[in-house]
Amino acid sequence: GWPLYTLERMTKCCGCCHGPFCQCACMCSGRREAKQFAHGVEGDNCCGYNIGALHASLPPLIAASAELLHANYRNAVFQPAYFVAVDRARSTVVIAIRGTLSMEDTLTDAVASAVAVPEAFAPPVPGLAHDGILRAAAWVYSDVMEHVAGLGDTIRAALAEFGEVGSMVVVGHSLGAGTAALLTLRMRAEFGARVRCFAYACPAVMTLELARACAPFTVTALRGYDLVPRLSVRNTFELRENVIHALRRETANKHALLCGCAPLSSSMREGVARPGLVNESEALLSVRPMQRPVPIVRPRAAAATLLPGMDDADLEGLGSALYPPGRVLQVLAAANKGEYDYGYVDPAALDKVLAGKTMFLDHMPWKLFDALDTLT
């Protein structure tokens, strides 16, 4: 949609309709471009800004081969924005789901208790999932396959036309990634192994065994200290207790410490793996190409004096731990500026919130995509 399109380009100079001063003219074309959608557009504004931004964001090669079927920007609680397209050059049906961008999306994120995954989703193993995002996935499925007149039939016809080489790809960022991961389970119940998912900066949405069982068909990509893939009800309470514990023990001025104007005292600093070091990637990620996925490396329990963690008994009443799904590709900034390290980690490695200076910035889609573009 247009808010994210604008935010990504605020720092760029005007030119070729990519600068902030040219965006209005660029996106006002959305009303005309909306006519290309075979099954219509819902919820865009009168100028077609969201559709204009969508067209302006598509890479030329994709725009040339994509047949846009439907877009829904009628955003509500448990109803994220999404669009559906057919990429005939790649024999693929694409469902793309937007991340958190509105108060309604935030409320969907906030319904974070863990509930059982329904049988209709045919999970590979029984498990629990994030309640709000599970509801969002169920709504997207019903809207795409049942409520939009003819859209489900068009999707089925396209996959039948593509035959064995045809596939369905479900993608999203943040809330959209979690919705995509759970929607993939529902779609696989109908279309089988031809459905796969790419989840960018995916939140913690399912229990560990189910997250691991999604590895054959789901890849989660995240960058650095990204807060969202590590955040769940359980981890939030644990983080709160750890911060309170650390501040009680710290002798430095608390206001100066929290605003970054004072360092930790030497007694608190000892033995702690801190963000921002030259060997940051070594502290957080073991990179061993061509080997099995490896977990994030953490200090020994005895050395973790800053955030000792709550006992397991303290966490029992806080609900089930949730994790991002599938194979988790973690990307970290390397010591050389503009370069990145990477590795696959087990979802269980994301069981703690890592406090770092980039924990919010790493979640931004253009930061993650810039790192992935550099690696590829």
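Small (Gly, Ala, Ser) and over 20 Å from the mean Cα position of the chain (by Cα): does that describe residue 116? Yes: the conditions hold for residue 116. Residues that are hydroxyl-bearing (Ser, Thr, Tyr) and in contact with a Phe, Trp or Tyr (Cβ under 8 Å, 6 or more places away or on another chain): does segment 233-256 have at least one? Looking through segment 233-256, none of the residues is hydroxyl-bearing (Ser, Thr, Tyr) and in contact with a Phe, Trp or Tyr (Cβ under 8 Å, 6 or more places away or on another chain). Filtered by the rule that a residue be small (Gly, Ala, Ser) and modelled with pLDDT under 90, segment 51-88 gives 52, 53, 56, 57, 63, 64, 65, 66. For residue 184, the stated conditions hold: it is of a type in the set (Ser, Thr, Tyr), open to solvent by less than 20 Å² (accessible area, probe 1.4 Å), farther than 20 Å from residue 365 by Cα and in contact (Cβ under 8 Å) with a residue 24 or more places away in the chain.
Quick check on segment 132-176: of everything there that is among the polar types (S, T, N, Q) and in contact (Cβ under 8 Å) with a residue 12 or more places away in the chain, which residue is farthest from residue 190 (Cα to Cα)? Among residues in segment 132-176 that are among the polar types (S, T, N, Q) and in contact (Cβ under 8 Å) with a residue 12 or more places away in the chain, the one farthest from residue 190 (Cα to Cα) is 174.
The values are calculated or read from the model by the stated rules, or taken from the named source; none is laboratory data. What you are looking at is a predicted structure, and each value in this text was computed from that prediction instead of being measured. Glycine gets a Cβ as well: all are built from the backbone with ideal geometry, and neighbour counts include every protein chain shown. For the accessible areas, the whole protein counts, side chains as well, though only heavy atoms, and no ligand, DNA or RNA atoms are used. Shrake-Rupley method; radii C 1.70, N 1.55, O 1.52, S 1.80 Å.
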